[in-house]
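Data block below; observations after.
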Number of protein chains: 2
Amino acid sequence: MDNSAEIICIGTELLLGDILNSNAQFLARQLASLGIPHYYESVVGDNPTRIKQAVALACERSNLLLFTGGLGPTPDDLTLETLADFFSVPLVEHPEILADIEAKFAQRGRVMSPSNRKQALLPQGAAVLPNSLGTAPGIIWEPRRGLLLMTFPGVPQEMQSMWRATAVPYLQAQGWVKETMVSRMLKFWGLSESAMAEQVADYLTLSNPTVAPYASHGEAKLRITARASSTAAALALIEPVETAIKARLGLDCYGTDEDTLASVVGALLLQSQQTLAVAESCTGGGLGQMITAVAGSSAYFLGGIIAYDNAVKVNLLHVDPAVLEREGAVSSEVAVQMALGVQAALKTDWALSITGIAGPAGGSDTKPVGLVYIGLATPTGQTLSFKHEFAGFRGRDWVRHLSCCSALDGLRRQLLQPAA
Amino acid sequence: MDNSAEIICIGTELLLGDILNSNAQFLARQLASLGIPHYYESVVGDNPTRIKQAVALACERSNLLLFTGGLGPTPDDLTLETLADFFSVPLVEHPEILADIEAKFAQRGRVMSPSNRKQALLPQGAAVLPNSLGTAPGIIWEPRRGLLLMTFPGVPQEMQSMWRATAVPYLQAQGWVKETMVSRMLKFWGLSESAMAEQVADYLTLSNPTVAPYASHGEAKLRITARASSTAAALALIEPVETAIKARLGLDCYGTDEDTLASVVGALLLQSQQTLAVAESCTGGGLGQMITAVAGSSAYFLGGIIAYDNAVKVNLLHVDPAVLEREGAVSSEVAVQMALGVQAALKTDWALSITGIAGPAGGSDTKPVGLVYIGLATPTGQTLSFKHEFAGFRGRDWVRHLSCCSALDGLRRQLLQPAA
């Protein structure tokens with residue numbers, strides 16, 4: 001049998017839909033990145049008969065079985081005793097685990113409850129897979145030649161930490177990891193997924209690296225994924241493709257991997273040593289929140305004015321009441337005056353404003369839900385405005401999120417112009 | 001065989017971890033709410049041999065098989081042809097489906113590509129499970145007596161809409177739904193999950209309704225779930241328990257189900273016909289965003305000032321520079337002055353302020369990351385402040401989110417006091 005892994009998630013709460021199975025996704029992605037084939041995943045409840053059926057089936061078709069869940073102290077946590085029973089070995093108490101659990105309770109000023117004693121029982125012959133974050137250790141166990149089992153708790157943080165700290169190094173040392181998969185995500189704003197995909201159609205047929213389009217939250221993405229014997233070799237496959245795609249798509253590509261529109265704008269402002277303020281109507285503070293989600297944003301972001309009510313637009317942002325009356329709050333003119341008003345009030349180099357109709361109410365034939373104007377005041381006294389018509393039927397959160405992102409993208413493009 | 005359902009999700013993208021399997025959770029929860037037992041879930045890739053193995057196994061142990069994924073137009077969408085092959089029937093083209101697909105393309109001003117023709121092919125004997133949102137229909141099929149299959153596309157919105165519009169009514173009409181499960185979620189702020197659970201320990205052992213504790217994003221929750229022959233009968237089981245728990249936990253219970261702290265505060269302000277403004281430092285607009293996430297919030301929320309930089313606190317909120325110097329920006333005194341400042345500037349009845357250290361930088365021994373002060377100015381000229389020490393090691397987003405929620409909760413408790 002060629003090497004292949006199988007994921008078995010144990011827990012009645014999964015079958016009831018109480019929990020989203022993010023553990024399966026995490027392990028699946030990790031197996032893919034390590035180049036370990038993986039063809040099946042299954043979920044079973046806290047039921048010994050059905051757990052054994054799942055194990056019996058998995059042993060026939062895979063030689064690395066990864067279990068999550070069922071390691072807790074309660075009577076319905078059955079993973080280890082069921083595995084011991086299936087492979088006909090007894091459970092053995094590990095004094096060092098018991099001491100570790102007692103110490104963890106003592107750290108929190110609590111006494112270990114008798115039920116936790118169960119977590120120190122492992123199948124005979126199984127090695128401890130340590131859990132630094134919780135009380136339930138996992139196991140690494142070869143119950144018979146050529147079959148490797150690992151168990152993890154259901155708590156995602158504990159599972160992920162145990163996987164990274166112990167399971168991956170073990171698999172590498174045992175020769176399971178034949179190649180490395182490295183991905184780079186390119187992120188785009190201002191073009192649709194299909195428009196992006198059409199522009200890079202010739203790259204989508206590559207086999208190594210592969211190039212795959214994604215979309216989420218109004219943003220288009222391209223994932224470039226390479227497999228190679230080392231990270232450096234994989235990066236060497238990725239880099240020419242990344243460079244060529246960026247050159248072709250130009251300003252629409254705003255960043256890679258962990259970049260956000262706010263972090264990219266922040267880096268540009270830091271570089272130019274300039275400051276920013278915001279004036280928000282329909283987004284109610286969302287743009288400021290997005291900007292300040294970036295640690296260190298106090299170096300360039302001074303603050304803003306949330307002008308949800310028109311009186312605030314007039315009194316604090318000095319929007320002309322006559323213009324407000326004539327053009328309406330959702331207009332290019334008001335957006336520009338809001339940006340100028342907050343730029344003056346906070347004495348910043350740049351200012352961004354947003355005014356729009358987030359819905360569900362408030363739309364009209366001429367100004368439908370989803371209509372949003374963004375204003376921008378530049379350090380040289382210029383003003384710009386951008387009109388957007390977002391899909392109002394996708395809801396209030398959608399319109400507000402896209403408004404904030406579009407405002408940041410408008411500023412980003414200005415900051416990147418040589419003569420901004 | 002007793003009735004039981006099994007979920008089979010098809011898609012190599014799931015095995016690669018590219019997609020979080022939210023479809024399995026949705027269907028699992030739906031099955032639970034309909035009282036249809038469900039013991040297994042599995043995931044397989046776009047591979048006919050492995051799909052057939054999964055079907056063969058599922059047929060042996062379940063009599064309602066729900067498939068998601070693999071209904072698209074591309075060559076790796078294999079669900080229907082594999083099922084037809086497994087049950088030895090041919091695929092039959094349905095002209096009415098073809099016409100529907102062509103019409104959907106025409107609506108978007110596009111021409112149907114030849115590959116979409118495939119989506120009009122269904123196994124002989126299968127009924128159409130219509131898809132109003134996309135081009136790929138599903139099927140409802142009894143390939144042999146006592147075995148019911150339904151297929152859904154992998155796109156969650158399409159799958160959910162098809163499930164609700166057609167699959168559930170069909171299952172009800174066919175006698176699959178023996179009982180109804182109804183849940184009510186009680187939501188708490190200001191006490192931990194364990195403190196909450198201890199206070200209602202006697203309820204956690206009930207069997208119908210069941211009462212189960214949850215926690216997410218700093219919030220404690222209790223889910224009361226009843227099974228009965230009708231929704232009304234289930235609600236009659238829930239209501240006395242809900243009333244008793246609310247009476248016992250008092251103000252800590254802020255709402256139920258779809259309520260948010262912001263929606264509850266909004267309803268109280270609407271009721272008292274009062275207005276609100278915010279002054280935000282470390283949350284950068286997040287409190288305003290949370291408040292304005294509620295549709296109709298313009299009736300009571302006028303706006304606010306994002307005073308990220310100290311100069312904004314002094315110039316726009318009129319915080320005393322001497323106090324700022326002496327106490328520091330993160331202090332009870334500055335929080336109170338910020339609230340008073342924004343109350344005066346926006347002329348509102350109530351004002352909330354937040355100043356704190358969100359991290360990761362900026363903390364000290366006396367003022368660690370996670371220290372947050374909330375200020376509140378009341379309509380009668382009183383001021384209050386609340387000090388919080390959130391777990392800074394849980395990160396910037398955590399501290400900011402809890403700050404916004406705690407500010408709203410502080411206001412909620414004041415609004416509920418008879419003599420506020």
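The values are calculated or read from the model by the stated rules, or taken from the named source; none is laboratory data. Worth saying up front: this structure is predicted, and the values here are computed from it rather than measured. Here Cβ is always computed from backbone atoms with ideal geometry, including for glycine, and neighbour counts include all displayed protein chains.
Tabulated results
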| item | result |
| --- | --- |
| Looking only at region B:297-312, and only at residues there that are in contact (Cβ under 8 Å) with a residue 12 or more places away in the chain and at the interface with chain A (Cβ under 7 Å from one of its Cβ atoms), the one that is nearest to the chain's Cα centre (by Cα) | B:Phe301 |
| Residue under evaluation A:Tyr214, criteria (1) outside any helix (DSSP H, G or I); (2) more than 21 Å from B:Ile19 (Cα to Cα), criterion not met | (2) |
| Any chance A:Pro137 is within 19 Å of A:Thr68 (Cβ to Cβ) and surrounded by 20 or more Cβ atoms within 10 Å (Cβ to Cβ) | yes |
| Cross-chain or 6+ apart pairs with Cβ under 7 Å, region B:85-111 first and closer than 18 Å to B:Pro73 by Cα, then among the basic types (Lys, Arg) | B:Leu98/B:Arg117 |
| Out of A:Val111, A:Val43, A:Val55, sole residue that is farther than 16 Å from A:Leu149 by Cβ and within 33 Å of the chain's Cα centre (by Cα) | A:Val43 |
| Within region A:327-420, strands (runs of 3 or more DSSP E) holding 1 or more residues that are out of contact with any helix residue (DSSP H, G or I) (no Cβ under 9 Å at 6 or more places or on another chain) | A:383-389 |
| Filter result for B:Leu71 (at pLDDT 95 or above, within 22 Å of B:Gly45 (Cα to Cα), buried (at least 22 other Cβ atoms within 10 Å of the Cβ) and of a type in the set (A, V, I, L, M)) | no |
| Residue, surrounded by the fewest Cβ atoms within 10 Å (Cβ to Cβ), within region B:368-405, restricted to residues that are out of contact with any strand residue (DSSP E or B) (no Cβ under 9 Å at 6 or more places or on another chain) and of a type in the set (D, E, K, R) | B:Asp397 |
| Selection count, region B:281-296, where residues are more than 7 Å from chain A (Cβ to nearest Cβ) and either within 16 Å of B:Gln343 (Cα to Cα) or among the charged types (D, E, K, R) (or both) | 1 |
| Yes/no for A:Ala236 being among the small types (Gly, Ala, Ser) and farther than 30 Å from A:Asp397 by Cβ | yes |
| The lone exception for A:Glu96 - which of (1) crowded, with 16+ Cβ neighbours inside 10 Å; (2) at pLDDT below 95; (3) of a type in the set (Asp, Glu) it fails | (1) |
| Filtered residues of region B:314-362 (kept if charged (D, E, K, R) and away from chain A (no Cβ under 14 Å)) | B:Asp320, B:Glu325, B:Arg326, B:Glu327, B:Glu333 |
| Only one of B:Gly284, B:Gly296, B:Gly341, B:Gly288 that is on the phi > 0 side of the Ramachandran plot and surrounded by 24 or more Cβ atoms within 10 Å (Cβ to Cβ) | B:Gly284 |
| Residues located in region A:212-242, provided they are within 22 Å of the chain's Cα centre (by Cα), of a type in the set (Gly, Ala, Ser) and exposed (fewer than 14 other Cβ atoms within 10 Å of the Cβ) | A:Ser216 |
| Search result, residues across region A:183-211 that are part of a strand (DSSP E or B) and either under 17 Å from the mean Cα position of the chain (by Cα) or farther than 27 Å from A:Ser229 by Cα (or both) | A:Ser183, A:Arg184, A:Met185, A:Leu186, A:Lys187, A:Phe188 |
| Subset tally (residues that are closer than 14 Å to B:Leu415 by Cα and small (Gly, Ala, Ser)) for region B:368-395 | 1 |
| Unmet criterion (only one of (1) farther than 21 Å from A:Ser4 by Cα; (2) part of a helix (DSSP H, G or I)) for A:Val128 | (2) |
| Verdict on B:Glu60 being of a type in the set (Asp, Glu), within 25 Å of B:Gln174 (Cα to Cα) and more than 8 Å from chain A (Cβ to nearest Cβ) | yes |
| Matching entry among A:Asp100, A:Asp85, A:Asp18 (being of a type in the set (Asp, Glu), farther than 30 Å from A:Glu179 by Cα, under 32 Å from the mean Cα position of the chain (by Cα) and assigned by TED's automatic domain parsing to the domain that holds A:Gln160) | A:Asp18 |
| Hey, A:Glu13 of a type outside the set (Phe, Trp, Tyr) and farther than 19 Å from A:Glu158 by Cβ or not | no |
| Qualifying residue in region A:269-281 (condition: more than 30 Å from A:Asn310 (Cα to Cα) and among the acidic types (Asp, Glu)) | no |
| Test for A:Val43: is it over 23 Å from A:Val128 (Cα atoms) and modelled with pLDDT of 95 or more | yes |
| Failed item, numbered, when A:Leu65 is tested on (1) touching a Cys at 6+ places or on another chain (Cβ under 9 Å); (2) closer than 20 Å to A:Met181 by Cβ | (2) |
| Unique match (being touching a helix residue (DSSP H, G or I) at 6+ places or on another chain (Cβ under 6 Å) and over 16 Å from A:Arg400 (Cα atoms)) among B:Val294, B:Val278 | B:Val278 |
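Here is a yes/no grid of residues against (1) outside any loop (DSSP other than H, G, I, E, B); (2) in contact with a helix residue (DSSP H, G or I) (Cβ under 7 Å, 6 or more places away or on another chain); (3) more than 30 Å from B:Leu235 (Cα to Cα):
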{"position": "B:Val89", "(1), (2), (3)": "no, no, yes"}
{"position": "B:Ile97", "(1), (2), (3)": "yes, yes, yes"}
{"position": "B:Val111", "(1), (2), (3)": "no, yes, yes"}
{"position": "B:Ser132", "(1), (2), (3)": "no, yes, yes"}
{"position": "B:Trp141", "(1), (2), (3)": "yes, no, yes"}
{"position": "B:Thr151", "(1), (2), (3)": "yes, yes, yes"}
{"position": "B:Lys178", "(1), (2), (3)": "no, no, no"}
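For (1) buried (at least 17 other Cβ atoms within 10 Å of the Cβ); (2) at the interface with another protein chain (Cβ under 9 Å from one of its Cβ atoms); (3) under 18 Å from B:Thr82 (Cβ atoms), each residue gets a yes or a no:
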| site | (1), (2), (3) |
| --- | --- |
| B:Ile19 | yes, yes, no |
| B:Gln25 | yes, yes, no |
| B:Ser33 | yes, yes, no |
| B:Val44 | yes, yes, yes |
| B:Thr49 | no, no, yes |
| B:Lys52 | no, no, yes |
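Condition check ((1) within 30 Å of B:Pro240 (Cα to Cα); (2) of a type outside the set (A, V, I, L, M)) across all residues:
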site: B:Leu129; (1), (2): no, no
site: B:Leu148; (1), (2): no, no
site: B:Thr166; (1), (2): no, yes
site: B:Met185; (1), (2): yes, no
site: B:Leu191; (1), (2): yes, no
